[in-house]
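The structure appears below as structure tokens.
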Amino acid sequence: MVRLFYAGWLFHLKNLSNSLFFVLISVLQPVIFASIAFFMYRSGQRPGTLLYVALGAGLMGIWSSTLFGSGGAIQWQRWQGTLEIVVAAPAPFLLVLVPLTLATATIGLYSIVTTLLWGRVFFGMPLAFAPPLQLAVALPATVVSLGLMGLLLASTFVLYRQASAFSNLLEYPVWLATGLLVPLSLLPGWVTWISWGLAPTWGIKAIRSAALGGGDAWGAIGMCVALGVVYLILGAVFMKNFERLARRRATLSLT
Amino acid sequence: MNAVRVFFLGGAVSYRALFNWMQPVVYVPTMLAGPLFQILLFAYVGRASGVESDAFFVVGNAVQVAAMAGVFGVAMTIGGERWTQTLSLVLVSPANRLALFLGRALPLIVNGFILSWFGFAVGWAFLDFDPAARSLPALALCVATTAASCTAFGLVIGSFGLYAREIFVAANLAYMGLLIFCGVNVPLDALPQWMEAVSRGLPLTHGIEAARSIVGGAAISDVGGLLARELAVGAAYAAAAYVLLRAFEALGRRKASFETY
């Protein structure tokens, strides 16, 4: 099981890293959004928030790669003609899919690295981190929780033929509602309730608390883990349902 | 007469067939929800950063979303032909090329115009944006001019789709380039000088500037120069697009690349 998991994760990580589209959304897009935010914050005389913005823009990249990678995961397998093979394999389908969705979140780490480097080189952003232990835990916890959120997306988006349209729908709202670039306190109160159920909210809290110091990093990491478990359970239930229906209706190979 | 038919009917059929945007399930999340949240996101970043007013971001982003229809639309028109394996059939036809491609661009200009007004409505409904009623006709002229120039720019990007496969990536890059260079969310004087210089050669920049002036109370005569420059930029891209489309068509024939995807 560990071998299957590791091999699947590594394979998809390499595969996604070779895709120009994923390089675009996990490297170039966050850098562009980070630059816009840097210019805005600098122009508004609030340059002290550059690291805060860079981390947020980095997580925007993780969310985009998870959203587009996981949301379309099953559809892509269909187009490539591999869906029937992986469903028919002796290994549980869930164990084949989870490494894929985790890989889509993992390549988002490129965006954290590039936005930090970009901010340092072109905007003179100081890279002063608090002691690294919390950050070393917060980053993987965030990636795993987003990857498991990706599993939930994959298992629900598969019900719709136009999964990419739903991916387009969810990119900006989650950036906004999870406080990646804008403090949640500026948004209407009801948005906070939604944000609590979204892993990026706790992921960015954990990463910012760990990197900048202050705040309850361990509490946010705990929430990432808890939400990850909930996503996994829901994703497993939905995926089982999809597999059962697809086998009964013989729709696995339909594109 | 045949060219006119290709222009109108070909454009309309291409729009419906390739985009499928007539289906609400695709049009609403892609073309309406995206701009809605883009405007909200940047308006709130503006509030958080203490730079400019809501109106600045509403006008900038509402005009910029016209580029979404223009740039992505044209790119997908050509990329979609490749994906559905109909590109070679289109290019083997004797249809007038100008009518063929401009016909495909026209619905996108109209679409961009509608999207921009949707953006203004979002700003009016959710943010602090309340332009004077008398400014709306002039604002409409700014938006129409900018939607046309963005679509001309989109034709340049789309022309590469006759030769290259990853046209959607190029369209994304172009769209994001417009977002950062054209003063959509960052005042032009806050950008480095070289970026400001580049922005003068891109569509959107002058259109957004004109639209902001109109919303700020200027008369249409005050922004005539800006709109003329926006039109000139659009015309230059349209001319470049025609040359590139013919060149890439010839190259695609020579390299037999119309069917690669």
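List of remarks:
- Per-residue mean of foreign Cβ neighbours for B:164-172 is 3 (Cβ atoms of other chains, 10 Å radius).
- With Cα atoms, 0 to 90° folded angle of helix B:205-215 axis to chain B main axis: 40
- For the chain pair A and B, the buried solvent-accessible surface (1.4 Å probe, both sides summed) amounts to about 3000 Å².
- Here the accessible area is traced with a 1.4 Å probe on the protein chains. For the protein assembly as shown, carbon and sulfur cover 69 percent of it.
- Taking all Cα pairs closer than 8 Å and separated by 6 or more residues, the relative contact order of region B:1-121 comes to 47 percent.
- Sparsely packed loop sites in region A:157-226 (the trypsin sites (Lys or Arg not before Pro) outside DSSP H, G, I, E and B with at most 16 other Cβ atoms within 10 Å) comprise A:R161.
- For region A:2-249, the solvent-accessible area with a 1.4 angstrom probe is 42 square angstrom per residue.
- Inter-chain shielding of A:29-35 (mean C-beta neighbours from other protein chains, 10 Å cut-off): 4
- Folded to 0 to 90 degrees: helix A:163-177 orientation relative to chain A principal axis, Cα: 30
- Highest to lowest packing among B:140-150, B:115-125, scored as the average C-beta count within 10 Å: B:140-150, B:115-125
- Across peptide B:174-184, the average count of Cβ atoms from other chains found within 10 Å of a residue's Cβ is 2.
- Surface per residue (accessible, 1.4 Å probe) for chain B, Å²: 40
- Whole-angstrom gap from region A:92-108 to region A:206-255, using each part's C-alpha centre: 10
- Compared with the dominant principal axis of the Cα atoms in chain A, helix A:109-123 is inclined by about 20°.
The values are calculated or read from the model by the stated rules, or taken from the named source; none is laboratory data. Predicted model, so just to flag it, every value in this text is computed and none were measured. Note that each Cβ is placed from the backbone with ideal geometry, even for glycine, and that neighbours are counted across all protein chains shown. Note: areas computed on protein heavy atoms with side chains; ligands, DNA, RNA excluded. Shrake-Rupley method; radii C 1.70, N 1.55, O 1.52, S 1.80 Å.
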